[in-house]
Ligand SMILES: *Cc1c(COP(=O)(O)O)cnc(C)c1O
């Protein structure tokens, strides 16, 4: 793809963008009476216009049917989630029975570790990326302590090489291999939240299994952003959140993937609740837990219908947009264009004022670019905010910017880069 650093080029790309109509389906925050340039979809995706209707429909069902809503109405609540599963399974590259919708992400990581972190005296270590999202670090820390181990002993972090920021796949695989006898679990994010690096999950799953460990993925920054093949890659489990690239609202509902090879595995422990009970027998309220076959057997509590309604509003858009393959094609071009423009600023400035630490290879990243500002980082970020460019700040000097293919345009990216350029002069005190 040959890019050009002109507004005319950006406008023309937008004109020919097969996904351009989807921008109208989202509510874009306003800045001085105009659409802000929202590049924070990696943190909180925008609200679909249809979210209010979906929510209202369920408030109305509650009003009309009250408790009968579980069994009657257009979409009885007892099976409401089933409408969402096919699209979600497509996004994850999973079989429908391998996917369930429940709880929030960190809670699900804990529940899944109850099943898939089963330390023994020989095999008790967890391998993860250094600099994982804090919640994942805390979850792992508390899990190993719960089993009586220390973090220093039981948690192995794969670190970048001296002078590097991202991880090399070969280093990840080597460390898995080097610790083969002791690893109970390999837990990796799909995309690192800080650098935006998209890991080779297939290779990690394979190496983890060869080492005799279970392999799980946290897909917070990957789900709805990059195509995934959880089933074929052989991941044992995964979880994600729906409020980042899946636009399902702040604190939106999470979900879990459990590979079908475990559906009949009675040796796996789990923390059970009635919503994971065999659906044909749940309301017999009998003693003795019998799980539903499939990922739904990991559910614990009553489905939160209002959160599911928001998730449904968003997933319907993914469905109509043609799923991740279509979105990814635009995403690669959008992010590639952004990278080209940022590199152009460095050329004009005659020095690398903005260092992109996200991998340059499109296959190794999603929508996000993490940009290190060499000078006046915080002032540059403030300048962007004051001028209607919404990114997000990570200490000490990183601005994360994500152009999301469902609602961001090439013009957004062009204007954001213009603002980054102007910020240099404005902050050059
Ligand atoms: C966003 C994010 C979380 C957040 O977890 P919650 O339980 O939803 O608060 C956890 N892990 C990763 C990797 C994330 O990016």
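The values are calculated or read from the model by the stated rules, or taken from the named source; none is laboratory data. Every value quoted in this text rests on a predicted model; they were computed, and no experiment measured them. Glycine also receives a Cβ, built like all others from the backbone with ideal geometry; neighbour counts cover every protein chain displayed.
I'd like to check something: does the range 18-41 contain any residue that is closer than 30 Å to residue 99 by Cα, surrounded by 14 or more Cβ atoms within 10 Å (Cβ to Cβ) and within 16 Å of the ligand (Cβ to nearest atom)?
Within the range 18-41, one or more residues are closer than 30 Å to residue 99 by Cα, surrounded by 14 or more Cβ atoms within 10 Å (Cβ to Cβ) and within 16 Å of the ligand (Cβ to nearest atom).
Tally time: how many residues in the range 230-257 are away from the ligand (no atom under 11 Å from the Cβ) and out of contact with any helix residue (DSSP H, G or I) (no Cβ under 7 Å at 6 or more places or on another chain)?
Filtering the range 230-257 for residues away from the ligand (no atom under 11 Å from the Cβ) gives 230-238, 246-249, 255-257.
Now drop any that are not out of contact with any helix residue (DSSP H, G or I) (no Cβ under 7 Å at 6 or more places or on another chain), which leaves 232.
Residues in the range 230-257 being away from the ligand (no atom under 11 Å from the Cβ) and out of contact with any helix residue (DSSP H, G or I) (no Cβ under 7 Å at 6 or more places or on another chain): 1 in total.
Would a scan of the range 79-99 turn up a residue that is part of a helix (DSSP H, G or I), farther than 30 Å from residue 261 by Cα and in contact (Cβ under 8 Å) with a residue 24 or more places away in the chain?
No, there is no match, as no residue in the range 79-99 is part of a helix (DSSP H, G or I), farther than 30 Å from residue 261 by Cα and in contact (Cβ under 8 Å) with a residue 24 or more places away in the chain.
Free of Cβ contacts under 8 Å to residues at least 60 places away in the same chain, more than 16 Å from the ligand (Cβ to nearest atom) and touching a helix residue (DSSP H, G or I) at 6+ places or on another chain (Cβ under 9 Å): does that describe residue 274?
Criteria met by residue 274.
Does residue 332 satisfy the condition of being in the same structural domain as residue 420 (by TED's automatic domain parsing), over 26 Å from residue 395 (Cα atoms), surrounded by fewer than 22 Cβ atoms within 10 Å (Cβ to Cβ) and within 20 Å of the chain's Cα centre (by Cα)?
On the way: in the same structural domain as residue 420 (by TED's automatic domain parsing): yes; over 26 Å from residue 395 (Cα atoms): yes; surrounded by fewer than 22 Cβ atoms within 10 Å (Cβ to Cβ): yes; within 20 Å of the chain's Cα centre (by Cα): yes.
Yes, satisfied.
For a quick check of your reading of the model, give me the residue pairs whose first member lies in the range 1-26 and is closer than 21 Å to residue 310 by Cα, whose second is surrounded by fewer than 17 Cβ atoms within 10 Å (Cβ to Cβ), with beta-carbon atoms closer than 6 Å and at least 6 apart or on different chains.
25/49
Within the range 79-101, can one find any residue that is assigned by TED's automatic domain parsing to the domain that holds residue 65, farther than 20 Å from residue 248 by Cα and within 15 Å of the ligand (Cβ to nearest atom)?
There is no residue in the range 79-101 that is assigned by TED's automatic domain parsing to the domain that holds residue 65, farther than 20 Å from residue 248 by Cα and within 15 Å of the ligand (Cβ to nearest atom).
Is it the case that the range 237-244 has a residue that's free of Cβ contacts under 8 Å to residues at least 24 places away in the same chain, over 30 Å from residue 407 (Cβ atoms) and touching a strand residue (DSSP E or B) at 6+ places or on another chain (Cβ under 8 Å)?
no
Please enumerate the residues belonging to the range 236-255 that are within 12 Å of the chain's Cα centre (by Cα) and not in a loop (DSSP other than H, G, I, E, B).
238, 239, 240, 255
With respect to residue 53, is the statement that it is over 30 Å from residue 282 (Cα atoms), at pLDDT 95 or above, touching a helix residue (DSSP H, G or I) at 6+ places or on another chain (Cβ under 8 Å) and assigned to a helix (DSSP H, G or I) true? Before the answer, list the steps.
Numbers: over 30 Å from residue 282 (Cα atoms): yes; at pLDDT 95 or above: yes; touching a helix residue (DSSP H, G or I) at 6+ places or on another chain (Cβ under 8 Å): yes; assigned to a helix (DSSP H, G or I): yes.
For residue 53, the condition - over 30 Å from residue 282 (Cα atoms), at pLDDT 95 or above, touching a helix residue (DSSP H, G or I) at 6+ places or on another chain (Cβ under 8 Å) and assigned to a helix (DSSP H, G or I) - is met.
Using beta carbons and a limit of 9 Å, which pairs, at least six apart or on different chains, have the first residue in the range 102-113 and within 18 Å of residue 190 (Cβ to Cβ) and the second one more than 10 Å from the ligand (Cβ to nearest atom) and assigned to a helix (DSSP H, G or I)?
Between residues of the range 102-113 that are within 18 Å of residue 190 (Cβ to Cβ) and residues that are more than 10 Å from the ligand (Cβ to nearest atom) and assigned to a helix (DSSP H, G or I), the close pairs are 108/298; 109/140; 109/143; 112/298; 113/140; 113/143.
List the helices (runs of 4 or more DSSP H) inside the range 117-234, counting only whole elements, that have at least 3 residues being surrounded by fewer than 23 Cβ atoms within 10 Å (Cβ to Cβ) and over 18 Å from the mean Cα position of the chain (by Cα). Write out each step before concluding.
Numbers: elements: 134-146, 151-154, 169-178, 201-210, 230-233.
Passing ranges, in order: 134-146, 151-154, 169-178, 201-210.
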